[in-house]
Amino acid sequence: MQNTYYREEIQEALNAGKKALLCLDRAKESLSSAGNWGLFDILGGDFIATFVKHSKMNKANEEIQEARLALRKFQKELMDVDNIPEFQIQMGDFLSFADYFFDGIIADLMVQSRIKEAKKQVDDAIRRVQYILAQLQKRA
């Protein structure tokens, strides 16, 4: 009976991880789009480019917040699978850029720098989730 329970817990963790990965992929796409519009804006875009860039940044922020929630659920599900401390995702610093990313933007170059850093953090999160999912698959 415990074996069945353990497999169910692993499956729940796998499902939560796949959802988190999907959310992270969406966030990455939104950040890439915002970055592209930001580059266009720097290279001489007009008011419309600036407007679209900010719209894309707002969408990226929404996707990041959704990814953050999905990652918290994934972490919670991982706690139900015993003896896997290496699977913990540290939420303290993780994706914390979202808290300041969209506040007080002064210059287009600063925006591009922040978008680049956000994409780097999302890519890192994607790699970590993929690793954890692979480890869980071995136990399923």
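Just so you know, all these numbers are worked out from the coordinates, no wet-lab data involved. The structure presented is a predicted model; accordingly, all values stated were derived computationally and were not measured. Neighbour counts run over all protein chains shown; Cβ positions are idealised from the backbone, glycine included.
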**For the stretch 115-129, 3J(HN,Hα) per residue [Karplus equation, 6.51 cos²θ - 1.76 cosθ + 1.60, θ = phi - 60°, Hz, x = Gly/Pro]** = 4, 4, 5, 4, 4, 4, 5, 5, 4, 5, 5, 4, 4, 5, 5
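Over the stretch 1-58, what relative contact order in percent results from Cα pairs under 8 Å that are six or more residues apart?
Numbers: 21 pairs, mean separation 17.2, N = 58.
Reported relative contact order: 30 percent.
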**Prompt:** How much length, in nm to one decimal, is gained on full extension between Leu39 and Gln65, taken as 0.36 nm per residue of separation minus their Cα-Cα distance?
**Reply:** 7.0 nm
**Message:** Can you work out the Karplus-derived ³J(HN,Hα) for every residue in the stretch 8-21? Use 6.51 cos²θ - 1.76 cosθ + 1.60 with θ = phi - 60°, whole Hz, and x for glycine or proline.
**Reply:** 5, 5, 4, 5, 5, 5, 4, 4, 5, x, 5, 5, 4, 5
**Set Lys59/Lys138; Lys19/Lys59; Lys116/Lys138; Lys53/Lys76; Lys53/Lys73 screened for pairs whose C-alpha atoms are more than 26 Å apart** = Lys59/Lys138; Lys116/Lys138; Lys53/Lys76; Lys53/Lys73
**Request:** Under 12 Å from the Cβ of Lys120, count the other residues' Cβ atoms, weight Lys and Arg +1, Asp and Glu -1, and hand me the total.
**Result:** +2
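Between Asn15 and Lys116, how high is the FRET efficiency from 1/(1 + (r/R0)^6) when r is the Cβ-Cβ distance and R₀ = 25 Å? Nearest 0.05.
On the way: r = 32 Å, r/R0 = 1.26.
Given R0 = 25 Å and the Cβ-Cβ separation, E is 0.20.
Which peptide among 65-73, 26-34, 39-47 comes first, and what is the full order, when sorted by highest mean count of other Cβ atoms within 10 Å?
26-34, 65-73, 39-47
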